[in-house]
Structures are given as structure tokens and as C-alpha cells.
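Undergrad: Dumping the structure here so I can ask a few things about it.
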Amino acid sequence: DKGGYKHFMAKEIFEQPSVLSNALGHYLGEDDTVVLPGDNVDFSKVDRLTMVACGTAYYACFTAKYWFEKLARLPVEVDIASEFRYREPPIVKGTTALFVSQSGETADTLAALRYCKDKADRIVSVVNVPESSIARESDLALPIHAGVEVGVASTKAFTCQLNVLLMLALKAAQDRGTMTPDAIRDAIGQLRALPGILNAAMDRDRTLAAAALKLSESRDVLFLGRGLMYPLALEGALKLKEISYIHAEAYASGELKHGPIALIDKTVPVVVMAPKDSLFDKTVSNMQEVMARGGKVLLITDAAGAEIAGPDVWQTVIMPKVPEIISPLLYALPAQLLAYHTAAAKGTDVDQPRNLAKSVTVE
Ligand code: M6R
């Protein structure tokens, strides 16, 4: 049942506020502390986290690396499962291995998990399907509570993965004493407020649809982001290529000068994901480098960012202002909607894009 929407993907994008609000409840204890369902993980005894996944789930891990390192001062390695499993990396004592998978059946992720079994202190997974192979073979499986996701392009599973991973990072900060209880409560308060903010942001749908109409005429699109927005840029590019078949690539903004700037001309739109955060000024200067070469910038930012960026930007989408740590959960929305409307404008099969399967059970 598409719930009145044209595609499952649209339904799944628009149900994120309510799905996230329910999902968060499963990880909250009394007095806004983080409580994991099932066995506890004591992060004060964890020296290192190795996170492994594929596709969108990998980008969720990549986002979480920034959170774990910044909030909990925990060293994190992230890897793509197909590379990790054959590289046979040494797993040092004190490592917790964490696998993220919507389906819980992805062949490479499962093989990476099996490789870690006798080597890591503990195997933890973050899954949407609790009875899946990856969940069953883990010491602890944490459900994301996204509900069934039908669209091949992952949307609500991504934000629900982010939700659980941020709760885990806060739990790590709680256990390791790197954040005060008040700061943790504050962060949880911000997460509680997020569904309301996401709901309010849904009206950007029309601006994004208009922007998508122009994007749909391009052959190539670049995405740029810095810090927490870098993994989001990668996810935005993946969404766009999966369903619109437009070639899209993402770079860390700071890498622009090291090669990709050679691609810039007026036919290659550049989507810049940049809330007015601690790194904004740096991203603006990258953006100006793009515009100076005739590049067309589609800036996704907040009101303060739009004001600084000025009127020369090709198109600006203004998102609500949110605290930096929860920005990935909000900025996933414009990334998804942009891809969705671009694909819809091209008339592709949004829910069943060519050559793709929802669950990749062969390598
Ligand atoms: O079920 P999984 O989360 O393990 O799947 C991983 C990837 O195959 C998946 O995220 C894929 O990249 C999606 N089509 C992304 O939209």
C-alpha cells in the first residue's frame, strides 16, 4: 500500500518523522538516558570500533565515525564489506565489530561478520530485520525500527540507522565520560525535536522538485560536503545515480582542488550540502571556486548560510536550523527528495530501478 503516494519511495520519505519518533523511543531510558534494547555494551571497555557495511548502510557508518570520534573520542575504522573481507585486516584486542544492514542478508556484510567472529571482542549489528542472518549471528543485534522498506533506494532505513548510531555514540560518550550527563540530555532533547523539524521541512519538497527539474537535464552532477556533510554528499550522489541514472559523484569539499575542479563547467551542476556550521566558511570558499569557473551551484543550507552565500548561487534550498550533530538526519531529506524528483521528472522506475535488487545476497 503506497498510502496515497505515487511511489513507495515517496511514502517512505514522508513517513520518516513518525517512524523516527517511534524508533527513538526504543533507545531511551528514564530521564533521557540512552538504554540499549537487549544486552548492554560498556563502551568504557571498548578500545576501537570497526564498522563494516555496503552502500547506503556504509554511508550511515561513515557518518557515525564522525560522531563516535568527536563525541566519545573512540577510534573508529569504517570499511566497505567487499573490501574488508578479502583484505583480511588484523583485528586487535579491544575491538568491537559493528555491522550495519537494512536487510541483514547482504552477502559481503555477512561474510565480513563471520571473518570477525573469533577475532573481535564482540559482534554488534544494526539491522532492520531482526530475524535476519546478520542479526542471528551477532552477539547483540540492535533493531532500527524503520518498518518494511519497499523502495530499492534506501531512505527511511538510512535515517533510522543514523538514529541508532547516534544513540550508540551518545551511549559511548556516556560510558567513557566524554560528555556530561547534561550535554547528553541536551543532545537527546534535540533528537526528540527532530521529527517536528523534519515535518516542517517537508514543504521544501516544492523547491526541491523545481530544482530537480533542472537537474534532470544534466548528464553529470557533483556533490560536495565537508565534515558530517561529506558522507551525506556521498549518499546524495548514490541516491541520484540509483534512481535517475544520472552520473553523480561526491567529494569532500576540500578535495575539489585536487582533481574534480577540472570537471567544472556550466553543464555540471554542483550540489553543495552545507548548513552554517563550524566548517561553513571553508565550504563557501570552495563554492566560490566552482562559481568562478561558471559552475552552477545548488546550495542546500540554512537561512544564515544562504545569507552569507549571497545571490550568485544558482539555486538555494533553505533548511531549518538544527544543531550540528543532528544535521545528517535532517539533510538526508533534501538529498532523498532531490533524487526522487529528478527520477520522477525523467520518468524512470523509481521503486524498481534497473539492474538493482533490494537485497544483495550474492557477492
Ligand atoms: O540491506 P543492506 O543495508 O545491507 O544493503 C546495503 C546496500 O545494498 C543498500 O544500501 C543499497 O546501496 C541501496 N540500494 C541504497 O539505496
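Undergrad: Using a simple charge model, +1 on the beta-carbon of Lys and Arg, -1 on the beta-carbon of Asp and Glu, nothing else, what dipole does the chain show about its Cα centre, in debye to the nearest 20?
TA: Details: 38 positive and 44 negative charges, 120 e Å.
Roughly 580 debye for the chain.
Undergrad: A follow-up question, please. Give me the percent of the accessible area of the chain that comes from carbon and sulfur atoms, probe 1.4 Å, all protein chains in place.
TA: On the way: 7290 of 14450 Å².
For the chain, the apolar C and S fraction of the accessible surface comes to 50 percent.
Undergrad: Would you calculate, for the chain, the mean residue ellipticity at 222 nm contributed by helices, counting each DSSP H stretch of 4 or more residues as -39,500 (n - 2.57) and dividing by all residues, to the nearest 500? Mind showing how you got there, number by number?
TA: Details: 13 runs with 165 residues, N = 363.
Theoretical 222 nm ellipticity from helices: -14500 deg cm²/dmol.
Undergrad: With point charges of +1 on the Cβ of Lys and Arg and -1 on the Cβ of Asp and Glu, referenced to the Cα centre of segment 16-80, which listed residue (L36, N22, L74) lies farthest in the positive direction of the dipole?
TA: Highest projection toward the positive end goes to L74.
Undergrad: Order V129, V221, most accessible first, counting only protein heavy atoms with a 1.4 angstrom probe. Intermediate values should be presented prior to the final figure.
TA: Details: V129 45, V221 0 Å².
Result of the area sort, largest leading: V129, V221.
Undergrad: Distance between the C-alpha centers of segment 147-184 and segment 185-232? Whole Å please.
TA: If you average the Cα positions of each part, the centres end up 18 Å apart.
Undergrad: Starting from the amide H of V271, placed 1.01 Å from N in the peptide plane, find each other amide H under 5 Å away whose residue is 5 or more places distant or on another chain.
TA: L222, F223, L224, L298
Undergrad: Charges at C-beta only: +1 for Lys and Arg, -1 for Asp and Glu. How large is the resulting dipole of segment 116-263 about its Cα centre, in Debye rounded to 20?
TA: Value, rounded to 20: 200 debye.
Undergrad: Let me ask something additional. With the other protein chains left in place, how much accessible area per residue, in square angstrom, belongs to the chain at a 1.4 angstrom probe?
TA: Each residue of the chain exposes 40 Å² on average to a 1.4 Å probe.
Undergrad: Over 27 Å between Cα atoms, which of K11/K214; K266/K321; K2/K65; K70/K276 qualify? Before the final figure, lay out the partial values.
TA: Details: K11/K214 23 Å; K266/K321 30 Å; K2/K65 34 Å; K70/K276 18 Å.
In this structure, K266/K321; K2/K65 lie more than 27 Å apart at Cα.
Undergrad: Where the centre of each part is set by its Cα atoms, how far does segment 1-77 sit from segment 291-344, in angstrom?
TA: One Cα centre to the other: 23 Å.
Undergrad: Per-residue HN-Hα couplings for segment 287-304, Karplus 6.51 cos²θ - 1.76 cosθ + 1.60 at θ = phi - 60°, whole Hz, x for Gly and Pro?
TA: These are the phi-based 3J(HN,Hα) values: 5, 5, 4, 5, 5, 5, 9, x, x, 9, 9, 9, 9, 10, 8, 10, 4, 5 Hz.
Undergrad: I would also like to ask the following. By DSSP, what percent of the beta bridges with both residues in the chain are antiparallel, rounded to the nearest 5?
TA: Working: 1 of 39 bridges.
Just about 5 percent of them are antiparallel.
Undergrad: Same structure again: Return the FRET efficiency for the residue pair I261, A200: r is the Cβ-Cβ distance, R0 is 41 Å, and the value is rounded to the nearest 0.05. The partial results should precede the final answer.
TA: Working: r = 36 Å, r/R0 = 0.87.
Computed FRET efficiency for I261 and A200 comes out at 0.70.
The values are calculated or read from the model by the stated rules, or taken from the named source; none is laboratory data. Since we're looking at a predicted model, the values are computed, not measured. Every residue, glycine as well, gets a Cβ built from its backbone with ideal geometry; the counts of neighbours run over all protein chains shown. Accessible surface is based on the protein model in full, side chains and every heavy atom, while ligands, DNA and RNA are left aside. Shrake-Rupley method; radii C 1.70, N 1.55, O 1.52, S 1.80 Å.
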